[in-house]
Structures are given as structure tokens and as C-alpha cells.
Ligand code: NAD
Ligand code: UD1
């Protein structure tokens, strides 16, 4: 089976490519490398001992995309390509809508033209906004609070409309919680441009000495220690979720939403402690004001993915920290 992976050079994409190759899939990756490096693709091939085909193409380049579909008989698409920085999306909404929504429209149009109707899409728990309670199930109301989140929801809607118009589409909308960690080899991992927005890469960079200290955004939330609680999921568990979704699409048309999380939340200070233990390094921190747009607590009810995909997250927090640290300490400056 030949799978087109958009955004495959990125953090989650590269780990999913690794699992796909391991499971015997043929892969074509398209990525414009706006937030990644081709080095990740070299390393995925080196780790697995298998080949993939890489094209540096932007999803906004319709002709480039058309050529890929024309020259390869693609069976299914996993669509990771997108911009993901919440703050940047607030500052540059049109850029985000253009890249994430128009890029997805171009992709779906090419799929339609070439009769490819199996799609796995990277959505996000951010579509739930501030949930009225936890754990979050897939039927919770959606109300994203920023352009990034709204771009994800728009693509979900487009997918639902595609299926309404043509029932041969099989689409999995995967709502990720907080992906962290790295492959155990320490050869691939998260390599954010500039200052990391997310907790794990920031802590890793403090531990490795690239940043002086972590700002803990708020200690007055209604959580047990006052800091924000999230559902951190190992990126390899997440990657396997994509393979399970792909398998199920073979037999189930429709649009299917799945929460991919562990179902368990950890606070910021719990993560700091766990990371210190894994790395043997002190993670200096200071309490800072709340980050605008943040919520107190967010974790998944992943039961639907358990029942329908036969998937559950297996990897514990300790290994998430061990693996994130191995990647960071072996590659203090990322892929450079
Ligand atoms: P990433 O930035 O590492 O990977 C995204 C990849 O897409 C990058 O390699 C980038 O170069 C590529 N890309 C972006 N726009 C493109 C375009 N127009 N054409 C071609 N390539 C393009 O991010 P990631 O963490 O691996 O996230 C993958 C997907 O999962 C994204 O869609 C993201 O929104 C979604 N997601 C991520 C998280 C997270 O915390 N990492 C959480 C929920 C959802
Ligand atoms: C963020 C995004 C969300 C996205 C998710 C996964 C925002 C407002 N939300 O969510 O859209 O889906 O990442 O990519 O950006 N924290 C600190 N100090 C830091 C960084 C984070 O204290 O330097 C805290 C946060 O307040 C939060 C927790 O750590 O309580 C996790 O933060 P983060 O990794 O950014 O993820 P989310 O807030 O869940």
C-alpha cells in the first residue's frame, strides 16, 4: 500500500513515517520544509533501513501536487502539513488560513481528481476550546479560541462535506492531545524553530543549558498544585494511532473522529519533576502570569479509539521524559 504523507519531515510526521516503513508501507513524503529539515527523512531511512521518496513541495503549489498524484498510484493520504503556532496564528490569521485551509483544499481536490478517498487528518484537541468538564469525549461541543484552532475545525468541516457529497470517502479526524517524547534511538525528535512555545521542548532546552529558566504560566488554576494540567502522549503512541486509523479506513467509509490521548493529566510542576529525574539536571523555573488563552485542565477520554481502532497509548511519563532528553542531549541544537 502506497501512502502519501504530507508534512512527513516534521515532528509527528517523521515518527509516523518510521512506523509506516516498519509496517511495510511504501511512502511518498511531500513537505515544503518551512518548519523541518530533510535530515529527518535521512535519519528515518537510516533507522529503519528502508527507503522513502521525498519531494520538497508546498501544498499551495497545485501543479506540483498534481504531478505527484499523476506519477504515483497513491492509495491513501496522511495529512500532517500545516502551521501550528497559536500565537503566530493570532498575529497572522490570513497566513494560517491560507496555508492550513487552502493547502488542505488543494490536497483534497487532487485526491478527488485521482480517485484517492482515504484520508487521515491531523486535527487537535484545541478544537474543543475550554471544555465544560473533563475527560473530553469526541461529542463535546467545539469552539476553538484562535485562528490555528479554527483552521483545524474548518478542515474537519470540509472533510465532512466531502463525505456528504460522495460516500466513498473514508476519513479519520485525529484530535491529538499533547504529543511529546521522541524515538528511542535519539536520532529524530522535535526541533522547534526559535523559542519553543510548548512545555516539553522548553523544559528540554533549559535542561540542556540553551535557556536559563522556564516560566511556569500561572500557579493559581483550580488544579491540585495550581499549574495547568494536560494529557501528554508519546509521539510513537500517536504514530501508531495513525496506522490503526489507516487500517480501519479500509473497511469503514465516513468521517470518524478520534481523540488520541492517554486519558491522564499531569501538571506543569509534575512534568518539571519528572524531567529533572530523567535528565539528572535541574530545571530552573519561575512562576509567571497565566498565558492568555490557556485553560486549567485538558485530558482525553480515549475510549472510542480503544474500541474502534483497538488502540491505546502505552508509554508512561518516565519514558516520555527519557526519550525527550535523549534526543535533546544527543542533538542540543536539533538537526543542525
Ligand atoms: P511540524 O511543524 O513539525 O510538522 C508540520 C510539517 O508540515 C513541517 O515539516 C512543515 O514544513 C510542513 N508544512 C507546513 N505547511 C506546509 C505546506 N503548505 N506545504 C507543505 N508542507 C508544509 O508539526 P507537528 O508537531 O509534526 O504537527 C503535525 C500536524 O499535527 C500539524 O498539522 C499540527 O497542526 C498537528 N498537531 C500538532 C500538535 C503538536 O502539539 N505538535 C498537536 C495537535 C495537532
Ligand atoms: C498548546 C496550544 C494548543 C496546541 C497544543 C499542542 C496554546 C494557547 N495552545 O496547548 O493549541 O494544540 O499546544 O501543540 O498555545 N507552559 C508553561 N510554560 C511554558 C510553556 C507551557 O508553563 O513555557 C504550560 C502551559 O501553560 C500549559 C502546559 O504548560 O499549562 C502545556 O503547554 P503547551 O505545551 O504549550 O500545550 P497546551 O497549552 O496544551
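Would you mind ranking 299, 285, 176 so that the residue whose beta carbon has the fewest other beta carbons within 10 Å leads the list? Before the final figure, lay out each step's value.
Details: 299 24, 285 17, 176 21.
Exposure proxy ranking, most exposed first: 285, 176, 299.
Specify the angular offset, from 0 to 90 degrees and rounded to the nearest 10, of the alpha carbon long axis of helix 11-22 from the longest principal axis of the alpha carbons in the chain.
60 degrees
Given an 8 Å cut-off on Cα distances and at least 6 residues of separation, report the relative contact order of the chain as a percent. Don't jump to the answer; show the numbers that get you there.
Details: 673 pairs, mean separation 64.5, N = 336.
Relative contact order of the chain: 19 percent.
Peptides 149-162, 57-70: what's the order by average Cβ count within 10 Å, highest mean first? Walk me through the intermediate numbers first.
Values: 149-162: 19.5, 57-70: 16.3.
Most protected by this proxy first, the peptides run 149-162, 57-70.
Taking a ≥ b ≥ c as the square roots of the Cα gyration tensor eigenvalues, with a/c under 1.5 meaning rounded and otherwise prolate when a/b beats b/c, else oblate, which class fits the range 263-323? Spell out each step's value before the answer.
Values: a/c = 4.21, a/b = 1.43, b/c = 2.95.
Oblate.
For the chain, modelled as a GNM with alpha-carbon contacts under 10 angstrom, which of 27, 257, 47 fluctuates the most?
47
With a cut-off of 8 Å between alpha carbons and a minimum separation of six or more residues, what is the relative contact order of the range 4-60 in percent?
Details: 88 pairs, mean separation 22.8, N = 57.
Normalised by residue count, the contact order of the range 4-60 is 40 percent.
If each of residue 225 and residue 252 carries a label point 7 Å out from its Cα toward its Cβ, how far apart are those two points in nm?
Distance between label points: 3.7 nm.
Going by a ≥ b ≥ c, the root eigenvalues of the Cα gyration tensor, does the range 203-336 fall in the rounded group (a/c under 1.5), the prolate group (a/b larger than b/c) or the oblate group? The partial results should precede the final answer.
On the way: a/c = 2.53, a/b = 1.54, b/c = 1.64.
Note, shape of the range 203-336 comes out oblate.
Of all DSSP beta bridges in the chain, what percent run antiparallel (nearest 5)? Intermediate values should be presented prior to the final figure.
Details: 2 of 42 bridges.
Rounded to the nearest five, the antiparallel share is 5 percent.
Relative contact order of the range 108-231, please, whole-number percent, based on alpha carbon pairs below 8 angstrom and at least 6 residues apart. Provide the component values of the computation, followed by the final result.
Details: 107 pairs, mean separation 26.6, N = 124.
Once normalised by length, the contact order is 21 percent.
What do you get for the angle between helix 62-71 and the principal long axis of the chain? Use alpha-carbon atoms, 0 to 90 degrees, nearest ten.
With both axes taken from Cα atoms, the answer is about 60 degrees.
Could you tell me how many degrees, from 0 to 90 and to the nearest 10, lie between the Cα long axis of helix 103-113 and the main elongation axis, the longest principal axis, of the Cα atoms of the chain?
The angle comes out at about 30 degrees.
Once the piece of chain linking residue 303 and residue 46 is laid out straight, how much longer is it, given 0.36 nm per residue of separation minus the C-alpha distance between them? Please report the intermediate quantities before stating the final value.
Numbers: separation 257, 0.36 × 257 = 92.52 nm, distance 3.52 nm.
Between residue 303 and residue 46, full extension yields 89.0 nm more.
Which values of log₁₀ I(q)/I(0), to two decimal places, follow from the Debye formula for the chain at q = 0.07 Å⁻¹ with a uniform point scatterer at every Cα?
These q points yield log10 I(q)/I(0) values of -0.26.
Hey, fewest Cβ within 10 Å first, where do 133, 223, 117, 102 land in order? Provide the component values of the computation, followed by the final result.
Values: 133 8, 223 17, 117 21, 102 14.
Listing 133, 223, 117, 102 from fewest to most nearby Cβ atoms yields 133, 102, 223, 117.
Rounded if a/c is under 1.5, else prolate if a/b beats b/c, else oblate: with a ≥ b ≥ c from the C-alpha gyration tensor eigenvalues square-rooted, which is the range 6-55?
On the way: a/c = 1.75, a/b = 1.59, b/c = 1.10.
Here the range 6-55 falls in the prolate category.
How many angstrom lie between the Cα centre of the range 1-29 and the Cα centre of the range 236-251?
The range 1-29 and the range 236-251 have Cα centres separated by 12 Å.
Between residue 277 and residue 166, 0.36 nm times their residue separation minus their Cα-Cα distance comes to what?
Working: separation 111, 0.36 × 111 = 39.96 nm, distance 5.22 nm.
Separation in residues times 0.36 nm, less the Cα-Cα distance, equals 34.7 nm.
Roughly how many Å is it from the Cα centre of the range 145-217 to that of the range 61-80, as a whole number?
Value for the Cα centre distance between the two parts: 23 Å.
Fewest to most neighbouring Cβ within 10 Å: what's the order for 235, 116? Present the calculation step by step, with values, prior to reporting the outcome.
Values: 235 26, 116 20.
Going from least to most buried by this count: 116, 235.
Of 46, 251, 270, which has the largest mean-square fluctuation in a 10 Å C-alpha GNM of the chain?
It is 251.
Between residue 60 and residue 114, what length comes free when the chain is fully extended (0.36 nm per residue of separation minus the Cα-Cα distance, one decimal in nm)?
17.7 nm
In a GNM of the chain with a 10 Å cut-off on Cα contacts, which of 224, 11, 25 has the highest mean-square fluctuation?
Greatest mean-square fluctuation among the candidates belongs to 224.
Throughout, read-outs are computed from the coordinates displayed, never taken from laboratory work. This structure is a prediction, so every number in the text was calculated from the model and none was measured. Every residue, glycine as well, gets a Cβ built from its backbone with ideal geometry; the counts of neighbours run over all protein chains shown.
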